[in-house]
Amino acid sequence: MGHRAGGLNGLREWWQRETRRPTGGSFAARIAQVHRRRDVLRMLVTRDLKRKYSNSYLGYAWTLLDPALMIAVYWLVWGQVARLGIHDYVLFLATAMMPWIWFRSAVSGSTSIIYGSARMVTSISLPREIYPIGLVLTKMAEFFITLPMVWVLALLYHNPPTKWLWAVPFAILLQLMLVTGIGLMLSAVATLFRDVERALHSFMRVLFYLTPVIYPTGRLHGKIHALFVLNPLVGIFDIHRAAFFPETVVTGQMVLISVIGSVFFFVAGWGVFIKLERQMLKEL
C-alpha cells in the first residue's frame, strides 16, 4: 500500500508540474495546460470580438453580411446562370457556407497569429497554443452568430429539420478538432516559412471547389466521388446539410473519414506545434 500511495503521489506531483509548464511536456500535459488557462482563452475570444465590432455601426451584423453576400453571388451564378436545378438553393448554400467560412477564416488567420502576437508570445508565460486556439474559438463564435440565418431561411422555404439535426453538434465538434489541429500546425510552420501564408490563399480557393459547398455530393459518381470523400470536410458539411435536406445521403464511410481526419490533424497538428516551438521562439 505504501508503494502504491507513493506512486500515486509521484504521479500527481508530475501532473501538477507538467500542467504548470509554459512550454514542453507531453501531449496530454500540453492539453491540460491549455485547459487550465481556459480563462485566458475566454478573455482572448471576448477581446477579439469586441475589437472587431466595437467601432462599427453595424456591429455583429457584419458577421451576417459576409456570408449573405457570398450566398447571393453563388445563388446568382450557380442557381440562376448555371442552373444546377437544386431546390431551395439559397438554404442549400447556407447550410455549408457557414461552416466553410469558419474553416476558411480560422485556417487563413492562423498563419499570422503567432507572428502578429510576437510580443505576447515571448513575454507572457502562457502555453503558446492559446493564441491559435483562441483564434479558432473566435471564428467558431462568429459561426454560431450566423446560424440563426440558416433557421430563418429554413422557415422561409418551409424546410423542417430532419433527424440529422441531432448530429450537427457532433459535426461541429469534429470541425473544431480539425480546424484546431490545422491551425496549430500552420501557425508554427508559417512563423518559420512566411511563404506558407501566400501559398495557403491559393490552396483555399482550390479547396473550396473540392468541398461540397455549392454543389451536392450526390452529383459526384465513381472514382471522382471516392476521391472527393477523402476530404474530411465532406462528411462534416453533409451532416449540416442533411439536417434540412433529407435527400442528402450521409454514409458511414464519410463520417468515419471525417472522424479519422479530424483526430489525425488534431494530434498531428499539435505535435508539429510542440516540435517546432523552440525554433518558432528563436524566429520571433
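Here, each number is a calculation from the coordinates, and none is a lab measurement. On a predicted model such as this, the values are computed, not experimentally measured, just so you know. Glycine gets a Cβ as well: all are built from the backbone with ideal geometry, and neighbour counts include every protein chain shown.
Structure summary
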quantity	calculated
Cα long-axis angle, helix 195-209 against the chain (0 to 90 degrees, to the nearest 10)	40
Amide N of region 89-128 lying under 19 Å from the label point, which is placed 7 angstrom from the Cα of Asp39 along Cα→Cβ	124-128
The chain: calculated mean residue ellipticity at 222 nm from DSSP helix runs of at least 4, using -39500 (n - 2.57)	-25000 deg cm²/dmol
Angle in degrees between helix 61-74 and the longest Cα principal axis of the chain, rounded to the nearest 10	50
Rh by Kirkwood over Cα pairs, then Stokes-Einstein D for the chain at 1.567 mPa s and 4 °C, µm²/s	63
Proxy reagent accessibility, fewest Cβ within 10 Å first, across Ile113, Ile260	Ile260, Ile113
Where only C-alpha atoms are counted, convex hull volume of region 79-171 per residue in Å³	121
Computed over the chain: relative contact order in percent, which uses C-alpha pairs under 8 Å that are six or more apart	23
Computed lengthening from Ala28 to Leu173, 0.36 nm per intervening residue step minus Cα-Cα distance	50.3 nm
Segment Arg119-Val77, extension gain: residue separation times 0.36 nm, minus the distance between their alpha carbons	10.7 nm
